[in-house]
Structures are given as structure tokens and as C-alpha cells.
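Quick note: the coordinates plus some simple rules give every number you see, no bench work behind them. If you're wondering where the values come from, they're calculated on a predicted model, not measured in any experiment. As a convention, Cβ positions derive from the backbone with ideal geometry for all residues, glycine included, and neighbour counts pool all protein chains shown.
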Amino acid sequence: MKERLKYVIFKTKWGFFGLLANQKGLLKSVLPHASHKTAKKYLPVGMFKGAKKDKVLCPELQKAIKAYYDSDNAEYADFTGRFFAPLCLEASEFAQKVLKTCMKIPLGQTITYSQLAERAGFPKAARAAGTVLAKNQLPLIIPCHRVIRSDGKIGRFSAPGGAATKKKMLEHEMRG
């Protein structure tokens, strides 16, 4: 069966957010960008021939994401650990455990990389857990921004905007 890819890019108060999916589930999300064109570039829809625009792709997830970014209080849009669409996590067993554990971090809270690794069942794999998060294809949906360094500093963030975006998201969540 040929893989059918669908995508949607929609506007939030913070910019244009994108989702890419196949028949199995969500493959990628793109945090808000200033323009539709830039979000599409980072999705990266152009890499996939035949990716079809689908405005109704994951409607409940779109609604939750818009609520997260559009409200002054992110608490109203807590979708931590809720599945609005199946996720297509094509990764090692270790990476899947880390990502699924990360999804359980409640809105407004942070944990360290070592705490994440321990909760995932790999107490000595903090660096490896960090590497998995750096490759997270579903930011916000898998809230890797909620994982910080053991010294309390924010740490790096591989999404556009880097650590400044991570800090802005955490501040947004802490207001609740």
C-alpha cells in the first residue's frame, strides 16, 4: 500500500503551526512560524511527493493546539498525554519509551533529563534521553520543552527559536 501523506498548516496567536501525517498517524509537528510558507518548509511537505493539504486533519488536535497558543492561560489547553490522533513513532524501543514517558509530564511542570531517563526505565541514560528529545518530530504533542538540565537551567532546544522558544513555552505554561 502506497503511503498517503496529509498535512495541515493553521494559524495560532503565535504563528503558523503544522502537522504531517500518514495513514498510521502523526509523523511531524512544527511549532509556530511567522509565515505559512516557512511552516510548510519546516514541515517539510516539499520532500514528499503527493502530500495533500487536508484542512480537517486531526480536528480535535488542531483545536487543542490553537487553544494552547491562543489562550492567555495554557492550562485551558492541557492535552498532556491525551491522544487526539495516533502517533507514528518509528524509533527504537528505547526512544519510544523516552518519548512516551515525556508525554506524561504535566503542563506547568518540568523534570530533568536524568529524571526522564529514570522514569523511562533507563536510570543511567540521561544523555541518550536528551539525544532522543533533540530528534523529537512532534514538539508540543510530545512536550520535550518540559525537560530541563539538572542544574535548573533550560538547556538546549532543537526547535526553531532554540532555547528562547523553550523558555517562552515554559513561561506560558507556568502562568496557569
At what distance in angstrom do the alpha carbon centres of the stretch 97-137 and the stretch 140-176 lie from each other?
13
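Give me Rg over Rh for the chain, both radii from the alpha carbons and Rh done the Kirkwood way, two decimal places.
Values: Rg = 15.6 Å, Rh = 16.5 Å.
Rg divided by Rh gives 0.95.
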Sort E173, E90 so that the residue with the fewest other Cβ atoms within 10 Å of its own Cβ comes first and the one with the most comes last.
E90, E173
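Using the number of other C-beta atoms within 10 angstrom as an exposure proxy, rank V56, V30, V8 with the fewest first.
Numbers: V56 8, V30 27, V8 20.
Ranking V56, V30, V8 by Cβ neighbours within 10 Å, fewest first, gives V56, V8, V30.
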Candidates A91, A117, A21: whichever shows maximal mean-square fluctuation once the chain is modelled as a Gaussian network with Cα springs under 10 Å:
A91
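Give me the extension gain from K11 to A85: residue separation times 0.36 nm, minus the current Cα-Cα distance, reported in nm with one decimal.
Roughly 24.7 nm would be gained on extension.
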What order do you get for M103, M174, M169 when you list them from fewest to most C-beta neighbours inside 10 Å?
M174, M103, M169
